[in-house]
Structures are given as structure tokens and as C-alpha cells.
Amino acid sequence: MWYVYMLLCDKNSYYIGITNDLKNRFNQHKNGLTKSTKEFSSIELIYCEKYLSKNNAARREKQLKGWSKSKKHMLIEGKLGINSCTEFAEELLRG
């Protein structure tokens, strides 16, 4: 299973990525082990989608990265789709 995920960094900017191990990848971001997000002091997993193939996940990641900040916000709010990983994201935030 592949995941396209979105992080809220420092309550201001969005980071979008893909992984096949969401829990591990999120922990890497939280612990400053990724070059792209290590500068941020606050990182929250706020959205993700599941895909069967890496190729489909990568296409969706590219699409989301091209969206405006307001359109990403609408996605998070549930106005453009369904957050398929809500329970998983909440579990990660608790643990």
C-alpha cells in the first residue's frame, strides 16, 4: 500500500509526499531526519490517501503539489474529497 500524505509545518505551510510506510516516514519528519522538513519545529499529519501502486500515488502527489494553498485547504476540509487516513493520522498524532 502506498500513501500520499500532507503535513502542516509550523502551522503555516504544507508538505506533500509519498511513502509505503506512513508511520515510519511521519516519525522521520517529526524527528528532523528529512532534509525537506527538518527546519520546521511543528509538524502535523493532516491528510493522506491510500493507493495500490507507487505510480498512482506519485501522479496524485504531483497533482496536489501543483494546487494552490487554498485548494489544498479545501481538500483538508473535506470539500474536494475524503481523507481516507483520518483514523491512522489520529493514531500517529497520539503515539
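Values quoted throughout were computed directly from the atomic coordinates according to the rules given, and no laboratory measurement underlies them. Predicted, not measured: the structure shown is a model, and the values here were computed from it.
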Checklist entry - If the cut-off is 19 Å between C-alpha atoms, which lysines fall inside it for LYS50, apart from same-chain ones fewer than 8 positions away? => result LYS23, LYS62, LYS65, LYS72, LYS79
Checklist entry - What is the distance in Å between the Cα centres of the range 1-17 and the range 45-70? => result 9 Å
Checklist entry - Which of the lysines could a cross-linker bridge to LYS30, judged by Cα under 19 Å and excluding same-chain residues fewer than eight apart? => result LYS11, LYS38
